[in-house]
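The values are calculated or read from the model by the stated rules, or taken from the named source; none is laboratory data. Everything quoted here is computed from the prediction, not taken from an experiment. Here the Cβ positions follow ideal geometry from the backbone for every residue, glycine too, while neighbour counts run over all protein chains shown.
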């Protein structure tokens, strides 16, 4: 039996062909052009027909094992707790070769980033 989700209680659920599959720990909700994975009444993953993929925790971009946002054009960005952040490489990577270095949503040069990471490891 399917558990009732907060999305099902919304007046527009199902208007666009929405459907739902459920397991004990998560629900998969399909809507118009989007698939959501929901745990504990929170969306943790969304995948859109245009190729955009996003991961969330507590309603903020968040992923610990890869980029939290993957765009269809190949751009990837790493986020933790709603902040653009990566400690093992650039937080934004573009297929053109462009890279941006962030810690806690603070944009840094690669050199500043390396110093901050080294300082964190030494403390």
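This table checks each residue for (1) under 26 Å from residue 108 (Cα atoms); (2) outside the structural domain of residue 106 (by TED's automatic domain parsing); (3) assigned to a loop (DSSP other than H, G, I, E, B); (4) modelled with pLDDT of 50 or more.
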| residue | (1), (2), (3), (4) |
| --- | --- |
| 5 | no, yes, yes, no |
| 16 | no, yes, yes, no |
| 43 | no, yes, no, yes |
| 67 | yes, no, yes, yes |
| 74 | yes, no, yes, yes |
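Residues in the range 45-65 that are closer than 19 Å to residue 106 by Cβ and part of a strand (DSSP E or B): 60, 61.
Residues checked against (1) in a helix (DSSP H, G or I); (2) modelled with pLDDT of 95 or more; (3) touching a strand residue (DSSP E or B) at 6+ places or on another chain (Cβ under 7 Å):
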residue: 89; (1), (2), (3): no, yes, no
residue: 102; (1), (2), (3): no, yes, yes
residue: 112; (1), (2), (3): yes, yes, no
residue: 115; (1), (2), (3): yes, yes, no
residue: 119; (1), (2), (3): yes, no, no
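Which residues, taken from the range 32-41, are within 30 Å of residue 74 (Cβ to Cβ) and either assigned to a loop (DSSP other than H, G, I, E, B) or at pLDDT below 80 (or both)? Correct list: 32, 33.
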